[in-house]
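What follows draws every value from the coordinates through simple rules; no lab data is involved. Keep in mind it's a predicted model, so treat the numbers as computed, not measured. All Cβ positions, glycine included, derive from the backbone under ideal geometry; neighbour counts span all protein chains shown.
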Amino acid sequence: MEELMFCYQCEQTIGGKGCTKSGNCGKDAEVAGLQDLLVYELKGIGFLGNEILKQGKTIDKEISKFVADACFSTLTNVNFDPERFICFLKEAEKVKENLKTQLGNLPSNAPECVNYKLPSSKEQMLLDAKKAGIMYDQTLDANIRSLRETLIYGLKGMAAYAHHAHVLGYIDEEVNNFFYKGFAATVDNSLTVDDLFNLIMEFGKVNLKCMELLDKANTQTYGNPVPTPVLITKKKGPFIVVSGHDLKDLYELLVQTEGKGINIYTHGEMLPAHGYPELKKFKHLVGNFGGAWQDQQKEFDNLPGCILMTTNCLQKPRDSYKDRIFTTSIVGWPQVQHIEEKNGKKDFTPIINKALELGGFTEDEPEK
């Protein structure tokens, strides 16, 4: 029987081997196909960008931002909205044409993904996605395939760090440029197992530099974190639970909810936010709600407040709270309300009004 999809990029995969009908994370075959096609486009962008860099030229920072954002969007538990991926794909085509113009004459070894033309219909995109998937070329050496995929998954992780640093205004050219070098390597048939292994070791150093960049961005923006006691029980009143990793989104929400009688709780990986001086000064950042991200479906079930997902890890929302969960930035789920950024700003009014409407918890729990 033909597999509807194939994905083995995370530890959640079925049987530890790969998801072939639908993702254990919740993504369906349609989204998986569009993600494969977007990675295929990023390989073409990577090849072109790498050739431009070889000429000693520079690449516009907005293009590099797009590459990181598009790459990040394909990471596990980030974006499940097919329409958002179609937007990424259309933008990728524009970026590719831009880079072709900047490069001039195409090298004779340009891979197929460079000249690929995105069709206008989603149906045709999904047909094309079959030849963009991981297992399409059955003649490829298993070790080469494994190393290429390892590099791609590494780039997806670095894209998350680069994205968070960028939104705070911190950019590193070496980090940006390695996305082109890395994606270009995944379509270079001249590279051996040793070449790819050495490149992955080089990537590790660049990735560490990107993590240092994000640490600098967070600490210079919000101060050096200090040990902080965190309330883990409920307080009476309207509230918003903020999940993910984006400190800027949390900060902007805290500013916009100040004085409105709304309590803000962190959730999951957002817990460390309580240690940052510029965040902990907000008195309505009252505590942490719930446990790990994988428990969100039962913890958010019929919650009398709102949830804001700023990055991964999003799971399929239950109907009992689908009307009160909001996404922003790279995150997406079909028919879930999304807070867009416009001119560098986000208006959190919809989630604020919904939280006030729901009313929140009816009484305080004993503090713990």
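Could you state the orientation-averaged shadow area of the convex hull built on the Cα atoms of region 99-249, in nm² to one decimal?
On the way: hull surface 59.0 nm².
For region 99-249, the mean projected area of the Cα convex hull comes to 14.8 nm².
Decide, for region 14-220, between rounded, prolate and oblate: order the square roots of the alpha carbon gyration tensor eigenvalues as a ≥ b ≥ c, take rounded if a/c falls under 1.5, and otherwise choose prolate if a/b is larger than b/c, else oblate.
On the way: a/c = 1.25, a/b = 1.14, b/c = 1.10.
Rounded, because the longest to shortest axis ratio a/c is under 1.5.
Which ordering of Cys87, Cys71 is given by a fewest-first count of other beta-carbon atoms within 10 Å? Please report the intermediate quantities before stating the final value.
Values: Cys87 13, Cys71 28.
In increasing order of surrounding Cβ atoms, one gets Cys87, Cys71.
Mark the label point 7 Å from the Cα of Gln12 along Cα→Cβ and return the residues of region 71-114 whose backbone N is within less than 13 Å of it.
Only 74-81 fall inside the zone, counting backbone N under 13 Å.
In terms of the Cα gyration tensor, with a ≥ b ≥ c the square roots of its eigenvalues, is region 239-358 rounded because a/c is under 1.5, prolate because a/b exceeds b/c, or oblate? Provide the component values of the computation, followed by the final result.
On the way: a/c = 1.34, a/b = 1.20, b/c = 1.11.
Verdict is rounded for region 239-358.
Which helices of the chain meet both criteria: a Cα extent of 20 Å or more along the helical axis and a mean Kyte-Doolittle score no lower than 0.0, with helices taken as whole DSSP H segments?
Details: long enough: 29-54 (37 Å, 0.57); 82-103 (31 Å, -0.61); 142-167 (38 Å, 0.04); 193-222 (43 Å, -0.02).
Span-like helices, by this rule, are 29-54, 142-167.
Quick one: which residues, 5+ away or cross-chain, put their amide H under 5 Å from the amide H of Lys346? H built at 1.01 Å from N.
When sequence neighbours closer than 5 places are left aside, there are no close amide H contacts.
What percent does the relative contact order of region 14-220 come to when contacts are Cα pairs within less than 8 Å and at least six residues apart? Walk me through the intermediate numbers first.
Values: 214 pairs, mean separation 65.2, N = 207.
The value is 32 percent.
Connecting C-alpha atoms closer than 10 Å in a GNM of the chain, tell me which of Gly15, Gly154, Gly244 has the biggest fluctuation.
Gly15
Residue-wise, which Karplus ³J(HN,Hα) couplings in Hz belong to region 334-341, taking 6.51 cos²θ - 1.76 cosθ + 1.60, θ = phi - 60°, and x for glycine or proline?
x, 6, 9, 4, 10, 8, 7, 9
For Met309, Met135, Met211, Met158, what's the fewest-to-most ordering of other Cβ within 10 Å of each Cβ? Please list the in-between numbers first.
Working: Met309 33, Met135 13, Met211 16, Met158 26.
Neighbour counts put them in this order, fewest first: Met135, Met211, Met158, Met309.
Based on the Cα coordinates of the chain, what is the per residue volume of their convex hull in Å³? Present the calculation step by step, with values, prior to reporting the outcome.
Details: hull volume 54.9 nm³, N = 368.
Per residue, the Cα convex hull of the chain comes to 149 Å³.
Starting from the amide H of Leu308, placed 1.01 Å from N in the peptide plane, find each other amide H under 5 Å away whose residue is 5 or more places distant or on another chain.
Val241, Val242, Ser243, Phe326
Excluding Gly223 itself, calculate the net charge of residues whose Cβ lies under 10 Å from the Cβ of Gly223, where each Lys or Arg counts +1 and each Asp or Glu counts -1.
Overall, the nearby charge balance is +1.
Over the chain, what relative contact order in percent results from Cα pairs under 8 Å that are six or more residues apart?
Computed over the chain, the figure is 17 percent.
Given the DSSP H assignment, sum -39500 (n - 2.57) over each helix run of at least 4 residues in the chain and divide by its residue total; what's the result at 222 nm in deg cm²/dmol, nearest 500? Please report the intermediate quantities before stating the final value.
Values: 12 runs with 171 residues, N = 368.
The helix-only estimate for the chain comes to -15000 deg cm²/dmol at 222 nm.
For region 92-154, rounded, prolate or oblate, judged on the Cα gyration tensor with a ≥ b ≥ c (square roots of eigenvalues), a/c < 1.5 rounded, else prolate if a/b > b/c?
Details: a/c = 2.07, a/b = 1.28, b/c = 1.62.
Oblate shape, in that a/c is at least 1.5 and b/c is the bigger or equal ratio.
For Thr219, Thr101, what ranking results if the residue with the fewest other Cβ atoms within 10 Å of its Cβ goes first? Walk me through the numbers on the way to the answer.
On the way: Thr219 14, Thr101 9.
Ascending Cβ contact count within 10 Å gives the list Thr101, Thr219.
Can you pull the one-decimal nm distance between simple spin-label points at Gln138 and Met201, each 7 Å off the Cα toward Cβ?
Each label point is offset 7 Å from its Cα along the Cβ direction, giving 3.6 nm.
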